[in-house]
Amino acid sequence: MASPRGTKTRIDWWRLSQLFRSVAPDDGSQRARIRFMERSTVLPVKAVYFLVLIFYLYFIEWPEMDSDRVRWTLLRTIQWFFIFCLIVNVIIGVMLIRMEEFTTRVLREVVFSICLFDALLLAMMTELTGGFESFLFWMFLGLQIRNAISMPIATTQIVANLSVSVIYLCAGAFDIVVARSEEELENITGEPVMLRALLLMLMTACGYGLQVLIDKQRRMEDEEDEFDRRQSQLQASGRLAAEIAHQVKNPLGIINNAAFALGQVMGENKTAKRQVGLIREEVNRADQIITKLMGYAQLVEGRLARLNVNEALDAAILKVFPKGSKFGTRIRREYGIALPPLLAQPEHISEVFVNVIQNAREVLCNNGEIQIKTSYEGDYRFRVVIEDNGPGIPADLLESVFEPYHTTKERGTGLGLAIVRHNTELYGGTVEIESKLGKYTRFNLLFPGRTAIRLQSQ
């Protein structure tokens, strides 16, 4: 009996974790967010902010600092760091204005870097304007809100906002431990700093939670649009196939009847009868093909569904390895979490998974192991890897295994892997095969969650 590994606890944890997972939007949406927040909003605000800082840092006298070496050194440090930040911001500003020339990944790294520079400069200005009692603390909250909008990648956003919190905490600690005199320290505790740091931590969590909710809403809207588009495309192709089949089937019937009547008047002419029989045989064969085409048309007329790929794989495993059956094959599952749903007809995807798993079962001869993995690839794409440790496939046969009627089995039809490729490519996916003799055979299936189906261009 097949022995699947994986407990129900793991599956339940996977379902629970989906509630807290965020999938980054596509590159277009990310660039739109960066354009709106960084170029259209933050850049003009920074121009005014830096003008104010230039006046504040270089055109105001600081006589009270003559006797305070710590704060005087701090002021000089801030002045030099401000010049550095100004140069960096000018460069990044030019990049944002010409952001069409840069990749999305570069823009994300630029936004993350400038966030840290802004937080460091703000922390220094906080020291200069009263330390932990400074009103500039509230600008740290503004930085976190900005990061939540500009950084759709969950990991990057959390790291950036936590860094902002740590920077403020370090600034508060510096103010208490170094910048204050002993007299001032007598009546000062670290509670205000810690409370404000906790507030920043809370804002980090809220920002991420809000992004998860917005992301789920966006995904639902995108899925609805993709769902309707794919359904209409499949139905249109089904109706077209049915119409073509119907139009061809009628002439074939007429040809068959005419051939039959012709055979009746041929008399004892064996050659002519043989030719008429050949015509009728080929007509019947064509009729069978047309019948299959009409069956396909009825299939594509079916309804699309939002398929959970991990659950679809579990269902396929049960079909190949029914409960109570005695197979020595081991099944090892490594399912990814927070995979986007696949908008497809369940019959199509079931055929893909069942054929690949069944092919692995047959080559293993009730012995060996089948490893099934799923993983999120970004941009709404996910990968399914089905690997067996069987005898493998010779390199010269790898390209032909997906060809119809190609088989190395005694009783095989040669259609299983051809169906795998057809059904995968039907939804804009790809399937690749890797193999090493005596070691393994691996099927890589990549499904795009938001790519229009191939029937659109056929």
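Within the stretch 82-108, track down each residue that is charged (D, E, K, R) and either within 29 Å of ALA173 (Cβ to Cβ) or touching a residue at least 24 places away in the same chain (Cβ under 8 Å) (or both). Across the stretch 82-108, the qualifying residue is only ARG108.
Can you tell me which residue in the stretch 267-295 is farthest from THR424 (Cα to Cα), limited to those that are surrounded by 15 or more Cβ atoms within 10 Å (Cβ to Cβ) and at pLDDT below 70? Here the residue is ILE290. Applying the criterion of at least 2 residues that are modelled with pLDDT of 85 or more and within 30 Å of ASP27 (Cβ to Cβ) to the strands (runs of 3 or more DSSP E) found wholly in the stretch 302-409 leaves 369-378, 381-388. Of all residues in the stretch 349-375, exactly one satisfies the criterion of being over 20 Å from ALA315 (Cα atoms) and touching a residue at least 60 places away in the same chain (Cβ under 8 Å), namely VAL363. For the stretch 307-340, residues that are surrounded by 14 or more Cβ atoms within 10 Å (Cβ to Cβ), in contact with a helix residue (DSSP H, G or I) (Cβ under 9 Å, 6 or more places away or on another chain) and of a type in the set (Lys, Arg) total 1. One residue stands out in the stretch 414-449 among those that are within 21 Å of GLY378 (Cα to Cα) and polar (S, T, N, Q): the one that is modelled with the lowest pLDDT, namely THR424. The criterion of at least 3 residues that are within 33 Å of the chain's Cα centre (by Cα) is met by the following helices (runs of 4 or more DSSP H) wholly inside the stretch 24-109: 27-34, 69-97. Within the stretch 141-154, one or more residues are modelled with pLDDT under 85, among the β-branched types (Val, Ile, Thr) and outside any helix (DSSP H, G or I). Taking the criterion of being closer than 25 Å to PHE36 by Cβ, surrounded by fewer than 14 Cβ atoms within 10 Å (Cβ to Cβ) and acidic (Asp, Glu), would at least one residue in the stretch 79-100 satisfy it? Yes - at least one qualifying residue is present in the stretch 79-100. Selection within the stretch 101-127: residues that are surrounded by 14 or more Cβ atoms within 10 Å (Cβ to Cβ) and of a type in the set (Gly, Ala, Ser). The member of this set that is nearest to ILE149 (Cα to Cα) is ALA119.
The values are calculated or read from the model by the stated rules, or taken from the named source; none is laboratory data. Everything numeric in this text was worked out from a predicted model, so none of it was measured. Cβ sites come from the backbone with ideal geometry, for glycine too, and all protein chains shown count toward neighbours.
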